[in-house]
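These notes concern the structure reproduced below.
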Amino acid sequence: MSGHAEVGNYLTHPKGLRSWLTTVDHKRIGLMYMATSMTFFFVGGIFALLIRLELMTPGLTLMSADTYNKFFTYHGAIMIFMFIIPIIPAALGNFFLPIMIGAKDVAFPRLNLASYYIFIAGAALSVWALMAHGADTGWTFYTPYSIRSNTSVVLITLGVFVMGFSSILTGLNFIVTVHKLRCPGMTFHRMPLFVWAIYATAIIQVLATPVIGITTLLLIMERLLKIGIFDPALGGDAVLFQHFFWFYSHPAVYIMILPGMGIISEVIPVFARKHIFGYKAIAYSSLAIAGISFLVWGHHMFVSGQSDLANMLFSVLTMFVAIPTAIKVFNWTATLYKGSISLKTPMLYALSFLFMFTIGGLTGLFLAALSVDVHLHDTYFVVAHFHYVMMGGTVMGLLAGLHYWWPKMFGKMVHEWSAKISWGLIFIGFNMTFFTQFFLGYLGMPRRYYDYPPEYAGLNMISTIGSWFLLAGFALMAFYFIRSLFLPGKAPANPWGGKTLEWQIASPPTEHNFPEIPTVTGKPYDYGVVKL
Amino acid sequence: MLSLLLFQWRLEQASNFAPVVDRLFDFILWFSIISFLIIVFGMVLFTFKYWRKKIPENRTAYITGHTKLELGVAFFLLVVVMVIFYWGWVDYKAMKNPPHDAFEVNVIGRQWLWQFQYADGKMLTNELIVPKDKAVSLIMTSEDVLHSLYIPDFRIKQDVLPKSYTNLWFVANRAGEFPIFCAEYCGTAHSAMLGKVKVLEQDDFERWQMTGKLPVGKRTMDHGQGTMDQQPDVTVGEKISLADKGRGLFASKGCTACHSVTGAAGVGPAVNKIFGKEVELTDGKKTKVDENYIRQSVNEPQARIVKGYQPIMPTFKGQISEEEMNALIAYIKSLK
Amino acid sequence: MTHGETVIAETKHKVPHHFDSAEQAFESSKLGLWLFLVTEILLFGGLFVAYVIFRGLYPDLFHTASQHLNKILGSINTVVLICSSLSMALAVDRVRQNDPNKAHQYMLVTLFFAACFMIIKYVEYTHKFHEGLLPGGNFTNAALAGDPKAPLFFSLYFMMTGLHGIHVLVGMGLITWVLIRSNRGEFSSSYYTPVELVGLYWHLVDLIWIYLFPLLYLIG
């Protein structure tokens, strides 16, 4: 293509708010997603802190039971649908996927912008619901409670329905981009592992999300027209809703974790100066996880009254998830062997991911074993397991990615020691908050409890204190990230010594990413000396 | 074992299932701790051994993988998880099959309390009294939304659904009081939907059944809460047994017109000696006569009709309360 | 747009700057649409699963309730939709052969058939409303009152045909849109992506009906 020089980077060229709101540049859309989702992360985090405050002592601490029930619903719905599902694919994926495969943009840039506004519309509906009568069903919307609840269930599920479309269209866009827009020489086996992870995620988004679409639609009709499909009082089946819901929401868990795994696969080789250990195993295990994710939804329903045969099948299938997951963890650890390891902040987060995700993954075994799950189901053990995977996994991956790519996105370096202190606070705070919950769960404290017997008080207190460390860590992080934007100085094009394409262009990138479309001749993690 | 060292307040093992579940729990715990330590040990060791200050960044090894090692890890893990699966499945199967001579109690969950209905007509709220060392089977239903009956010290839990029955059973092997939680979110007072199981020695239990009196002066050992002095809140006026109440309903609702209780032929099938048996339906399928089948036959008579009979029975939907339904089922069960 | 774009001869269409060639752009759009069609099938898939489950539970009820649907109108609608699919395929073919006038006629025919479908559907719906054959809790029909599960069938009927009807309406809007663009001379044998994609979408809408019709109208 014509190679005339472009002035300015994507942030400043073209200028003006209007040019941002109507942009079709994948990098700007990525940033807009990031700003929106991080705002929701902040809001969801406030609700989390309030929940922990209420649970600090038994009985009424701060709010009524109804308020508490609404707050945990808000926390769950906001964090799941508005933060953790979009944040890595739609924000970082949008920004880096095209660059990493040597493309100028995603396949359908206008559709990409449309997805963003659809997401905003869905989020607005949900927020409206919270402002109207709220919602007290939990983020799972189980029937028949969600049919009877006198809160704004229709609005919030309509919001989820609309946000689902955004997720579908983003996934569709990425699949086509990966298939059709790779630059010359970029074969599938030369793609960075982050691209593989986003690709596997996109497949799940496209195949699973329509089902939550129809499920929320049926729930809305249930409330508006009393169709009765999920309402036992009208001849329907309440447990059917759980099947529909988890058919999406279990794969959705992998929509949340796979991109985080992708980031870890980028960060570890760069900071260990090593070729990734077992590239193909990591790449294909993402696809394997995506495939298995569709066959295990029933493990959320071991005590729901579904048949013993179904329980047996779902238990055995769930066990299979352990294998590709463990291969990844093993390979990441093996990548460190005989490397040259630098503990810059992105790497600190990547190693914390290994630490906490391993706990999250292993505790999954307890829940997959039928007899043990009967005891642990719907207790704090599940809450702890879920947060170890989602926060100890995905959020650690996200933070690794944010610190890793921040210089590329904004052309600024963050203050290293502030980042390390913030990491320390988050690491301690997270483990304090959630490790205690494994004990609470084993000891039988059910989840979604506003009040609890006094024997659980001590552990709850520790958990709540942990949440304050998290608050301090994240507050410091927000501060140094924002401050970095106003510091003088410019980040170099390749501060970490990365070999993937995004590090071969300017920081921040120009509007069309590459002055000339690159030709790829080698593998993405070509570090190391063959014969030492 | 290790778990005992980790936390002193291990849950009490108060039922036949508790040690069984804990054994697998401990196995997975051990396996997890070892795997976790291997990963973390490797991570920490490599980080310090290959620190950037010691190893220059252009002097790292070129290793792209080791397929045999990966396959080895995968295979080893496959074996372990299959053991965990099979172990969990075998134990779970036992939890799903109550013995035939189990002592039955009907449970009704409603926002936000538990009701326990005994065969002799007693009805207790938020208090389940059971004999020690005897199998107890709970037949549970909900009047409104989903609930889940959970007894941590027994390691058992089962969702309670509206309009159908689910089952839970256990043998309590320790006398005392143990908390019951609702584990499925059910609205405002979800966390206050609490109850307790009182496990009595068998002779105490029999005395309670005869006289309605609990042993006085005996204090419970665990949790330090509550004593056995308090008399349970039995709904009075229910002097007749559940099955007897069912017999009355069977007549007053007009069932006797078509259904004999002696085996004699009628417009509808006779209802004696059918509980637990298999019957053939008009479409050739077979079904077991259980609580759910009787309930459905009362509410939706056309749904599953026994072969050789006409679909002419009217529905009783909305005319029979949960308590009455339990009584009718108890009556049909009692017809030997 | 600062980059040079390939402008395709005969039309005003520009290949978006991030594609190398018109062919790459066309292939991408087509792959995108196929993926979208997969999501549509999964969306309906949820309803089909619900249908299968409840029909498995209450086979007799589905048989009886199905008698209350109008088989003749349903069959006419099936024929109408198949014809519309044919005319849409012909329209796409005509655009591809640089024959815009014929293409416009075929698109208008497609729109006509689609409108017929919706009118017949309207007649059917009004009839059902009149008889009280309404979904779930609104069910008031006396003939089926003896069966407490009967409303379920009509819940599924209205959900499935309703969602399909919305797809027909969206399809009509899309056909009108490509018709207008085609009138402006925006398509030719070298660029007709939107027409092709709308055509594929329309075939899917048709295909879903081909499954809905026997499942709902022709039980037993």
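The values are calculated or read from the model by the stated rules, or taken from the named source; none is laboratory data. Quick caveat: nothing in here was measured; it's all calculated off a predicted structure. Methodologically, a virtual Cβ is constructed for each residue, glycine included, from the backbone with ideal geometry; neighbour enumeration extends over all protein chains shown.
Things to note:
- Checking every residue in the range C:122-144 against the condition of being among the polar types (S, T, N, Q) and farther than 30 Å from C:P59 by Cβ gives zero matches.
- Pair list, Cβ under 6 Å, 6 or more apart: the range B:141-153 residue facing chain A (nearest Cβ under 8 Å), other residue in a helix (DSSP H, G or I): B:V145/A:Y145
- Test: residue in the range B:313-325 that is of a type in the set (D, E, K, R), in contact with an Asp or Glu (Cβ under 9 Å, 6 or more places away or on another chain) and in a loop (DSSP other than H, G, I, E, B): yes
- The one condition in (1) in a helix (DSSP H, G or I); (2) over 24 Å from A:I255 (Cα atoms); (3) out of contact with any Ser or Thr (no Cβ under 8 Å at 6 or more places or on another chain) that A:F357 fails to fulfil: (2)
- Residues being buried (at least 19 other Cβ atoms within 10 Å of the Cβ) and among the charged types (D, E, K, R) are entirely absent from the range B:310-320.
- Of all residues assigned to the range C:103-118, at least one qualifies as being free of Cβ contacts under 8 Å to residues at least 60 places away in the same chain, farther than 30 Å from B:Q302 by Cα, crowded, with 19+ Cβ neighbours inside 10 Å and within 15 Å of the chain's Cα centre (by Cα).
- Filter result (exposed (fewer than 13 other Cβ atoms within 10 Å of the Cβ) and among the hydroxyl-bearing types (S, T, Y)) within the range B:258-288: B:T262
- Within the option set B:G72, B:G88, B:G65, B:G42, being small (G, A, S) and over 21 Å from A:I327 (Cβ atoms) holds for one residue only, B:G88.
- The residue that is farthest from the other protein chains (Cβ to nearest Cβ), among those in the range A:437-492 that are over 29 Å from B:L149 (Cβ atoms) and of a type in the set (K, R), is A:R483.
Residue by residue, here is whether (1) touching an Asp or Glu at 6+ places or on another chain (Cβ under 9 Å); (2) facing another protein chain (nearest Cβ under 7 Å); (3) touching a residue at least 12 places away in the same chain (Cβ under 8 Å) holds:
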| site | (1), (2), (3) |
| --- | --- |
| B:E57 | no, yes, no |
| B:G65 | no, yes, no |
| B:V73 | no, yes, no |
| B:L78 | no, yes, no |
| B:M82 | no, yes, no |
| B:A102 | no, no, yes |
| B:G109 | yes, no, yes |
| B:F116 | yes, no, yes |
| B:K132 | yes, no, yes |
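- Verdict on B:E291 being at pLDDT 85 or above, surrounded by fewer than 15 Cβ atoms within 10 Å (Cβ to Cβ) and outside the structural domain of B:T166 (by TED's automatic domain parsing): no
- Leading residue by the ranking (farthest from the chain's Cα centre (by Cα)) among those in the range B:46-73 that are among the hydrophobic types (A, V, I, L, M, F, W, C) and assigned to a loop (DSSP other than H, G, I, E, B): B:I55
- Annotation: C:Y157 fulfils all but one of (1) modelled with pLDDT under 95; (2) farther than 30 Å from A:D237 by Cα; (3) not charged (D, E, K, R); the unmet one is (2).
- Within the range C:84-102, tally of residues that are within 20 Å of C:H167 (Cα to Cα) and over 16 Å from the mean Cα position of the chain (by Cα): 2
- Just one of the listed residues (A:K27, A:K15) is surrounded by fewer than 23 Cβ atoms within 10 Å (Cβ to Cβ) and of a type in the set (D, E, K, R), namely A:K15.
- Residue check, A:T209 more than 25 Å from A:N311 (Cβ to Cβ), within 30 Å of the chain's Cα centre (by Cα) and hydroxyl-bearing (S, T, Y): yes
- Screening A:S293 with (1) crowded, with 22+ Cβ neighbours inside 10 Å; (2) under 30 Å from B:L161 (Cα atoms); (3) over 19 Å from the mean Cα position of the chain (by Cα) gives one miss only, at (3).
- Of the residues B:P215, B:P152, B:P162, the single one that is at negative phi, modelled with pLDDT of 95 or more and in contact with a helix residue (DSSP H, G or I) (Cβ under 8 Å, 6 or more places away or on another chain) is B:P152.
- For the range A:493-522, the set of residues classified as within 14 Å of chain B (Cβ to nearest Cβ) and at pLDDT 90 or above consists of A:N494, A:P495, A:W496, A:G497, A:G498, A:K499, listed by residue number.
- Test: A:A310 is touching a residue at least 12 places away in the same chain (Cβ under 8 Å), more than 8 Å from every other protein chain (Cβ to nearest Cβ) and within 25 Å of A:N494 (Cα to Cα): no
- Whether a residue is within 22 Å of B:E70 (Cβ to Cβ), touching a residue at least 40 places away in the same chain (Cβ under 8 Å), of a type in the set (D, E, K, R) and part of a helix (DSSP H, G or I) was assessed, and A:K338 does not pass this test.
- The range C:132-163, subset without any contact (Cβ under 8 Å) to a residue 24 or more places away in the chain and of a type in the set (S, T, N, Q), residue farthest from the other protein chains (Cβ to nearest Cβ): C:T140
- Flag if A:L317 is farther than 17 Å from A:F247 by Cβ and of a type in the set (A, V, I, L, M): no
- Complete set of residues in the range C:119-172 that are among the aromatic types (F, W, Y) and more than 20 Å from the chain's Cα centre (by Cα): C:F129, C:F139, C:F153, C:F154
- Total residues in the range C:32-72, condition within 11 Å of another protein chain (Cβ to nearest Cβ), under 22 Å from the mean Cα position of the chain (by Cα) and not charged (D, E, K, R): 19
- Meets criteria (over 21 Å from the mean Cα position of the chain (by Cα), surrounded by fewer than 23 Cβ atoms within 10 Å (Cβ to Cβ), on the phi < 0 side of the Ramachandran plot and in contact (Cβ under 8 Å) with a residue 60 or more places away in the chain) for A:K280: yes
- Scope the range C:164-193; condition within 13 Å of chain A (Cβ to nearest Cβ) and at pLDDT below 95; matching residues: C:T193
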